[in-house]
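*Asks:* The structure under discussion is supplied below as structure tokens; questions concerning it will follow.
The numbers here are math on the coordinates, done by the rules we state, and not lab data. Fair warning: this is a prediction, and the values are worked out from it, not measured in the lab. Every residue, glycine among them, receives a Cβ derived from its backbone with ideal geometry; neighbour counts consider all protein chains shown.
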Amino acid sequence: MNKAITDGLVLMPPAFSEGLNLWSREDGLTGQGSWAGQPNAAYVPADADFAGCLEIQKTAATTRLRCFQSIPFMPGLYLQVTARVKVISGAMPSVRIAGWAGNASGVNVGAAQQTGASVALTGYGQVVTLRAIIGSGNRPGVDMVWGTAPVVGHIGLDLTGANGGIVRIDDIAIEDVTSVFHSQMMDWVDVRDYGARADGVTDDRAAFEAADTAAAGRTVVVSKGNYRIGSHLTFENPVRFEGGITMPATARLACKRNFNLDTYATAFGSELEGFRRAVQVLFYNPDHVTLDLSGRRVDLTEPLDIAAIAGLTTFATRRVIANGQLNANTSTGWTTQTVTSVGTYAVAQPYLLTGVANVSNVPVGARVSGSGVGREVYVTAKDTGAGTVTLSRPLWAAAGTRTFTFERYRYMLDFSGFTSLSRFELVDIDLQCNGISSAVMLAPAGDTFRMADCVVTRPKDRGITSTGTGCQGIMVDQCQFLSDEQAVPAADRTSIALNVNANDAKLRNNRVVRFAHFGVMAGTCNLLIGNHFFQGDNQTAGSRRAGIVFTAKNLVTLMTGNYIDNCFIELSNEHDQSPAFGTGYSFGGLTVTGNIFICSDVGAWFRWLVVAPKGAGHFLNGLNVSGNAFRTVNATIDRIEAVDTTHASLAPAQFRNVVFEANTFHGITQITANPVIVAHSQNTAADTWTVDGAAWLPFSGRARNVVSAVARGTITNAANAVQYLAHYALTEQGSNGGQVALKWPSAVKGRVDVTVRADNPL
């Protein structure tokens with residue numbers, strides 16, 4: 001910065017050759033005496049050392065020399081005063097730079113330091129150069145601190161000490177040296193000042209490092225230009241890019257104090273390249289936990305292979321991408337790769353297809369479909385030499401050789417290149433799939449992936465896909481999943497919000513709109529709390545699909561406080577290579593409490609709880625459905641639960657610990673309860689009373705236990721005489737086993753309340 005240039009300030013005082021009347025022998029104020037015509041002063045036009053100079057004989061204690069010209073002054077301005085002097089004869093005086101500082105009212109500012117350091121002259125004819133810097137700030141190198149009050153100065157010098165000496169003084173120079181203090185005054189340093197060429201060819205890395213070192217807490221400015229950086233570069237200080245940089249694809253730019261998309265997008269010239277580069281650094285620098293997208297949108301034309309960008313295959317330290325939008329733009333990069341091939345499946349190798357034709361063409365990460373294949377089965381690996389494909393889940397009815405279809409969907413954020421990825425999070429990200437891409441594919445292994453406060457809008461096929469166990473402990477909190485199939489009838493939808501293969505999933509407070517399914521859950525020990533998922537359509541008496549599909553049998557899962565709208569909960573074992581019950585657990589371990597169940601414009605056959613066994617012999621073992629509200633709108637349905645017997649039925653004689661209680665029913669013809677209190681009135685005397693509880697018992701259950709049978713009023717014989725008789729009960733009576741026979745010693749009549757259970761509670 002140079003005010004003489006930028007603001008046109010006149011700083012240089014007149015040369016002595018212009019007349020001694022321009023120089024004051026006092027303070028330089030108007031009306032004060034000049035040096036013109038003084039007997040002890042003369043202009044010397046020629047001197048061996050000076051082209052022209054003022055010669056003064058010192059006659060006063062302090063002989064002053066000040067220019068009448070008002071030298072402008074302001075805060076932030078630093079002036080260097082230079083004077084060259086020599087003694088010709090007589091006594092040796094001392095000399096110092098001096099000046100008079102005046103404020104806007106023309107009053108001297110007494111607080112200003114108006115004299116510099118005094119220098120003694122010690123030899124005749126010896127030229128001594130005096131320098132002093134006048135500035136507003138008390139900075140190192142400033143000799144005369146004037147502060148902010150002065151606006152003008154009358155600059156010159158003082159002769160002090162012994163009188164009688166004759167001194168010659170060269171023209172006094174005043175120059176703006178603010179630039180000397182530039183790096184200390186400003187809160188930034190420029191890489192160009194440290195040798196950066198900005199020609200796009202020269203490697204400017206050394207200059208960038210030098211500027212960063214010199215910054216010492218200030219901001220490094222990469223001024224306009226195109227800079228090439230040949231290898232890894234780290235900024236320890238804040239950095240501001242006005243120009244752009246190019247780096248090799250494997251070189252990382254770490255901006256420790258500006259780790260956000262704004263910085264990287266400006267540095268690399270686009271949001272997309274900036275995002276790639278920032279993600280690259282996210283995995284390497286321990287100073288960075290969160291990549292802030294600065295609320296900006298990144299347009300994608302193809303999937304981002306995060307492992308390839310990072311150059312890693314495993315990572316297990318918490319990292320977060322937050323606060324921005326990813327937007328899929330139309331391109332061929334999103335085209336689903338579809339391959340059809342013949343392979344052989346054997347129950348003894350439940351996770352393997354062998355003898356796969358053209359196995360080299362089968363993409364890892366593809367969804368597998370075909371006869372006997374359950375929902376959300378994916379290719380986790382392949383061995384081209386062996387002709388095998390490894391599956392994420394077993395196949396329930398695909399034994400033998402048959403044709404399979406492999407579809408590799410395209411995801412905006414694809415983590416499948418990692419062998420294992422743990423503790424990665426997406427927070428406050430808007431994933432605009434626009435019906436042309438899917439959103440997120442997880443790594444094949446890892447744990448505690450978290451997605452919070454995100455919106456997945458119009459995924460073409462999937463929201464979040466797990467092809468292995470990278471979903472272990474997954475947390476999806478306060479997200480919205482908005483389907484691209486909202487105008488499609490529910491029965492025809494194919495998109496799925498998410499799937500899970502491993503255990504300990506937490507799905508909490510999400511809103512999911514009109515997918516084929518909210519989730520296909522193959523793991524156990526899940527928490528589904530506070531979600532609202534609705535899958536209705538505009539069809540009259542339309543079909544409905546499962547909102548949540550559980551494919552593990554013993555779930556150990558809690559569903560609480562959810563709003564389950566026009567969809568149902570399905571329990572299936574479609575990921576079981578031997579779907580018939582053998583040993584171990586069957587369907588159960590599920591607690592469904594405090595939920596809202598709604599349906600509208602559905603047929604009477606609609607059910608909210610469906611068990612769909614794929615093999616014979618299964619039963620319910622630990623199912624608690626309590627404190628829920630069931631309600632229909634513009635419809636009446638028969639009941640809330642059913643068994644899908646397409647492939648097999650349940651074995652109700654094996655039900656254990658099944659509880660349906662404290663639920664409310666509106667618009668449902670037949671309520672469901674277990675245990676159920678059946679009020680039986682026997683109007684004709686008989687020794688056997690048949691009490692029918694079948695209609696109330698869940699999932700076509702049998703009346704397996706009678707908890708109590710309590711008379712309501714008197715028990716009488718045919719003659720109405722009161723009888724005091726003991727009775728006993730026979731369970732599982734009738735063609736469907738839903739009846740109880742109360743046996744009396746003789747024929748009696750009356751009323752009893754019989755508490756019946758469809759299960760063995762222990």
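*Asks:* Using θ = phi - 60° and the Karplus relation 6.51 cos²θ - 1.76 cosθ + 1.60, list the HN-Hα couplings for the range 108-121 in order, rounded to whole Hz, with x at every Gly or Pro.
*Replies:* Result, rounded to whole Hz: 5, 8, x, 6, 6, 7, 9, 9, x, 6, 8, 10, 7, 8.
*Asks:* A further question on this structure: Express in nm, to one decimal, how much length is gained between VAL722 and ARG257 on full extension, taking 0.36 nm for each residue of separation and deducting their alpha carbon distance.
*Replies:* Contour length minus the Cα-Cα distance gives 158.2 nm.
*Asks:* For the chain, what is the mean residue ellipticity at 222 nm derived from helices alone (per DSSP H run of n ≥ 4: -39500 (n - 2.57); sum divided by total residues; nearest 500 deg cm²/dmol)? Don't skip to the end; give the middle numbers.
*Replies:* Numbers: 6 runs with 44 residues, N = 762.
After summing the helix terms and dividing by residue count, I get -1500 deg cm²/dmol.
*Asks:* How large is the dipole of the chain about the Cα centre if only Lys and Arg carry +1 and Asp and Glu carry -1, each at its Cβ, rounded to the nearest 20 debye?
*Replies:* 1740 debye
*Asks:* Given the Cα-Cα distance of ALA386 and THR354 and 0.36 nm per residue of separation, how much length would full extension add, in nm?
*Replies:* On the way: separation 32, 0.36 × 32 = 11.52 nm, distance 0.79 nm.
Separation in residues times 0.36 nm, less the Cα-Cα distance, equals 10.7 nm.
*Asks:* Here's something else I'd like to know. Roughly how many whole Å is it from the C-alpha centroid of the range 174-233 to that of the range 6-56?
*Replies:* Their Cα centres are 42 Å away from one another.
*Asks:* In addition: Which of the aspartates and glutamates could a cross-linker bridge to LYS58, judged by Cα under 13 Å and excluding same-chain residues fewer than eight apart?
*Replies:* List returned: ASP158.
*Asks:* Considering only C-alpha atoms, what is the centroid distance from the range 584-654 to the range 308-324, in Å?
*Replies:* So the two Cα centres are separated by 41 Å.
*Asks:* Going by how many other beta carbons lie within 10 Å of each one, how would you line up VAL81, VAL362, fewest first?
*Replies:* Fewest-to-most ranking of VAL81, VAL362: VAL362, VAL81.
*Asks:* Additional query: Taking H placed 1.01 Å from N in the peptide plane, check which residues at least 5 places from GLY542 or on another chain put their amide H under 5 Å from its amide H.
*Replies:* When sequence neighbours closer than 5 places are left aside, the close amide H contacts are GLY603.
*Asks:* In which sequence would CYS471, CYS433, CYS525, CYS67 go, from the one with the fewest C-beta neighbours within 10 Å to the one with the most?
*Replies:* CYS525, CYS67, CYS433, CYS471
*Asks:* Let me ask something else about it. How high is the FRET efficiency from ALA206 to GLU302, r the C-beta distance, R0 41 Å, rounded to 0.05? Don't jump to the answer; show the numbers that get you there.
*Replies:* Working: r = 35 Å, r/R0 = 0.86.
Efficiency, rounded to the nearest 0.05: 0.70.
*Asks:* Of GLY217, GLY468, GLN480, which is farthest towards the positive pole of the chain's charge dipole, taken about the Cα centre with +1 and -1 on the beta-carbons of Lys, Arg and Asp, Glu respectively?
*Replies:* GLY468
*Asks:* Sorted from fewest to most neighbouring beta carbons within 10 Å, what does the list PHE404, PHE259 look like?
*Replies:* Starting with the residue having the fewest Cβ neighbours, the order is PHE259, PHE404.
*Asks:* Which lysines, on any chain, are close to LYS553 with Cα under 16 Å apart, when same-chain ones fewer than 8 places away are left out?
*Replies:* Straight-distance partners of LYS553: LYS614.
*Asks:* Go through GLY230, THR263, ALA249 and say which Cα lies farthest out towards the positive end of the charge dipole of the range 224-281; charges sit on Cβ, +1 for Lys and Arg, -1 for Asp and Glu.
*Replies:* Towards the positive end, the residue furthest out is GLY230.
*Asks:* Let me ask something else. Set Lys and Arg Cβ to +1 and Asp and Glu Cβ to -1, take the dipole of the chain about its Cα centre, and tell me which of ILE321, GLY523, MET74 lies farthest positive.
*Replies:* Of the listed residues, the answer is GLY523.
*Asks:* What is the spin-label model distance, in nm, from ASN329 to ILE596 if the labels are put 7 Å beyond Cα along the C-beta direction?
*Replies:* About 4.1 nm, to one decimal.
*Asks:* Does the range 483-666 come out rounded, prolate or oblate by the C-alpha gyration tensor, with a ≥ b ≥ c the root eigenvalues, rounded set by a/c under 1.5 and, if not, prolate when a/b is larger than b/c and oblate if not?
*Replies:* It comes out rounded by the Cα gyration axes.
*Asks:* Hey, how many Å between the Cα centroid of the range 244-269 and the Cα centroid of the range 521-567?
*Replies:* Answer, in whole Å: 43.
*Asks:* List the lysines whose Cα lies under 25 Å from the Cα of LYS224, skipping any in the same chain that are fewer than 8 positions away.
*Replies:* Once the sequence-local lysines are set aside, what remains near LYS224 is LYS3, LYS256.
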